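Read the structure below first, then the notes.
The values are calculated or read from the model by the stated rules, or taken from the named source; none is laboratory data. Since this is a predicted model, take the numbers as computed values, not measurements. When we count neighbours, we look across all protein chains shown, and the Cβ atoms used for this are built from the backbone with ideal geometry, even at glycine. The protein model used for the area step is the full one, side chains on, heavy atoms only, and it has no ligands, DNA or RNA in it. Shrake-Rupley method; radii C 1.70, N 1.55, O 1.52, S 1.80 Å.
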Amino acid sequence: MTREEALDSIRDNVENENLIKHMLATEAIMEALAGRFGEDKNKWGLAGLLHDIDVELTEGDMSSHGRLGADLVREMGVSEDITHAILAHNEMLGVPRETNMDKALFCADPLTGLITAAALVRPDKKLSSVEPKSVRKRFKEKSFAAGASRENIATCSEIGIELDDFIELGLKAMQGIAPELGL
Ligand SMILES: [Fe+2]
């Protein structure tokens, strides 16, 4: 599946622009992580881009979120390792994270929310005015962007990247697509 085909399919299944931006941000972080570890950027990027394609279809039902998405993208010809990462990103499905791509998606997903929230509290609401150290500070404030699971973000250590480093990499990756994110 090409990136264009993935985006077309996302447009067919997702109306919420913020959700689409979240998937674009996750894609950017996944590509940056793949670059760091010498992995397949296209593949890791696609996993990030497609991981929440079923959120509206499942209407927030976490017991099917990820499973429907995996079925959907499998039918479109996406490789099994991508569908596995999509399944494993929702802990409620009980699918273990096995590959580095599974683990990368699991920690990249919540990091996007923390970084987006850190941008939105800046006077100009721009990613360009966010410093890594302010995201690190926000990480420690539990009530800030509480939906962004700190525990899940911190599993970055499982793929061999320290939290501070991961935050910096994620911020840089999202800054690189700031116009698409509207931030
Ligand atoms: Fe997500």
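Looking at (1) away from the ligand (no atom under 11 Å from the Cβ); (2) open to solvent by 10 Å² or more (accessible area, probe 1.4 Å); (3) more than 9 Å from the chain's Cα centre (by Cα), find the lone condition where residue 28 falls short.
The one condition residue 28 does not meet is (3).
Can you tell me which residue among 108, 118, 145 is touching a Lys or Arg at 6+ places or on another chain (Cβ under 6 Å) and at pLDDT 95 or above?
Numbers: 108 fails: touching a Lys or Arg at 6+ places or on another chain (Cβ under 6 Å); 145 fails: touching a Lys or Arg at 6+ places or on another chain (Cβ under 6 Å).
Matching residue, one of 108, 118, 145: 118.
(1) open to solvent by less than 20 Å² (accessible area, probe 1.4 Å); (2) among the hydrophobic types (A, V, I, L, M, F, W, C); (3) within 13 Å of the ligand (Cβ to nearest atom): which one isn't true of residue 119, the others all being true?
(3)
Against the definition (β-branched (Val, Ile, Thr), open to solvent by 40 Å² or more (accessible area, probe 1.4 Å), closer than 27 Å to residue 39 by Cα and at pLDDT 95 or above), how does residue 99 come out, yes or no?
On the way: β-branched (Val, Ile, Thr): yes; open to solvent by 40 Å² or more (accessible area, probe 1.4 Å): yes; closer than 27 Å to residue 39 by Cα: yes; at pLDDT 95 or above: yes.
Taking the combined requirement at face value, the residue satisfies it.
Considering only region 53-98, state which residues are within 15 Å of residue 10 (Cα to Cα), among the acidic types (Asp, Glu) and away from the ligand (no atom under 14 Å from the Cβ).
71, 75
If we keep just the residues of region 34-90 that are among the polar types (S, T, N, Q) and open to solvent by 40 Å² or more (accessible area, probe 1.4 Å), which is nearest to residue 23 (Cα to Cα)? Break it down stepwise before answering.
Narrowing region 34-90 to residues among the polar types (S, T, N, Q): 42, 58, 63-64, 79, 83, 90.
Okay, now just the ones that are also open to solvent by 40 Å² or more (accessible area, probe 1.4 Å), so 42, 63, 79.
Values: 42: 14, 63: 20, 79: 18 Å.
The extreme case among them is 42.
For the structure I just gave you, tell me whether residue 67 is without any contact (Cβ under 8 Å) to a residue 40 or more places away in the chain, more than 28 Å from residue 36 (Cα to Cα) and basic (Lys, Arg). Reasoning before the result, please.
Values: without any contact (Cβ under 8 Å) to a residue 40 or more places away in the chain: yes; more than 28 Å from residue 36 (Cα to Cα): yes; basic (Lys, Arg): yes.
For residue 67, the condition - without any contact (Cβ under 8 Å) to a residue 40 or more places away in the chain, more than 28 Å from residue 36 (Cα to Cα) and basic (Lys, Arg) - is met.
When residues of region 152-183 are filtered for being open to solvent by less than 30 Å² (accessible area, probe 1.4 Å) and of a type outside the set (A, V, I, L, M), how many remain?
Selection size over region 152-183: 4.
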